[in-house]
């Protein structure tokens, strides 16, 4: 990559970081990125009902479709006073671009957008099919719904999900279930007793954690169960016993586990606790919730996303590794599964050959003074272009169902 292109890449990453874009508020960054895609010569740029951008580079002759995708939204930045660099400044210092989302995933967005534009400029006549870049909304909360809408429109033959993988190729991830557990009590003055719904929840959470024995997979690790929030209702009424208390758990899913099997285990533990704890009333259910998109549409989640895995011998994995090598990097197939990604739809539900690949490290996501290294960003951009070139130069079909499994 020459210096002019490297500068363009840094500037685009900076520009993206300067747009605050929490989930549901991606409208301004989407408008900016759409204008960038149009100016770069993308053949079409579509905005779907939820607000994700779908930019297409068409190479003219029939062939496969490769989807590169990354998110526009980001985690909350917290108190800007805790940051050494303003979270939406995009400051470059000591070879790093600082700001919320620089690693997760605005640097990746910039790298993907430019990689496909430059591939069109440099190699249009020698390739076939089309490359699609999807800039996603609501990945932090409603990744399943948002990616399903994109997948239905694009119908990809292969997917590279952009996540900070330290430039290694990841071939699967644990799934995720969001489980809500409610306990119930009577609303009365707090001086009247101690068996409130909150008291009951404390005992039930302890029991659920005690009963839970995580399944373990040598590649994916543990199917963890993590308490993420506790709320009682009415809220902030200190002299009234709460009529209801809700705990929310994050349950990581291994291949072969289903929503039904996960909830069966939780409900069995609750039933046992109800028999042992006098006065306990409780229920459990998957709780994906719903939210607003910047387009005005409502988006919702079932609260469950499956695990997915593609076999390391799959031709698509080999092709991606070859692309990484041709970009000048040592091709490394990661020995660990990735973060939660949109791959749960492409690789899990649709059995489309899918890998996770991107610059930077997952440990830098969601932290104060988040940054991405410019050298890694540039290498990631080269790799995305090289992977797309390898994929679109092929005339034979990449098999999907064989070797790609939920």
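In terms of its alpha-carbon gyration tensor, region 1-140 comes out oblate; a/c meets the 1.5 threshold, while b/c is at least as large as a/b.
Can you give the relative contact order of the chain as a percent, counting alpha carbon pairs under 8 Å and 6+ residues apart? Relative CO of the chain lands at 25 percent. Compared with the dominant principal axis of the Cα atoms in the chain, helix 197-211 is inclined by about 60°. Treat region 233-353 as a sphere of radius equal to its Kirkwood radius over Cα pairs and apply Stokes-Einstein at 4 °C in a medium of 1.567 mPa s; give the translational diffusion coefficient in µm²/s, rounded to a whole number. Translational D for this selection: 69 µm²/s. Given the chain, what whole percent of its Cα pairs are spread farther than 26 Å? Of all Cα-Cα pairs in the chain, 56 percent lie more than 26 Å apart.
Relative to the longest principal axis of the Cα atoms of the chain, helix 107-123 runs at roughly 30 degrees.
Given the alpha-carbon gyration tensor of region 175-291, what are the semi-axes of its equivalent ellipsoid in whole angstrom, ordered largest first, with each equal to the square root of 5 times an eigenvalue?
Ellipsoid semi-axes (Å, largest first): 29, 15, 11.
The value of relative contact order for region 175-291, using C-alpha pairs under 8 Å at least six residues apart, is 41 percent. For region 61-129, count all C-alpha to C-alpha pairs, find those more than 18 Å apart, and express that count as a whole percent of the total. Cα-Cα pairs of region 61-129 separated by over 18 Å account for 53 percent. Taking Cα atoms only, the orientation of helix 259-276 departs from the longest principal axis of the chain by about 20 degrees. Take the Cα radius of gyration of region 38-79 and divide it by 2.2 N^0.38 Å, N being the number of residues; the result is 1.58.
Short-range pairs are left out: with C-alpha atoms under 8 Å and at least six residues apart, the relative contact order of region 1-146 is 36 percent. Protection proxy ranking for 126-139, 35-48, using the average of other Cβ atoms within 10 Å per residue and placing the highest first: 126-139, 35-48. Take every DSSP beta bridge whose two residues both sit in the chain; close to 75 percent of them are antiparallel.
A short reminder: the numbers here are calculations on the coordinates, not readings from a lab. None of the values given here were measured: they were computed from a predicted structure. Cβ: placed from backbone, ideal geometry, glycine included. Neighbour counts: every protein chain shown.
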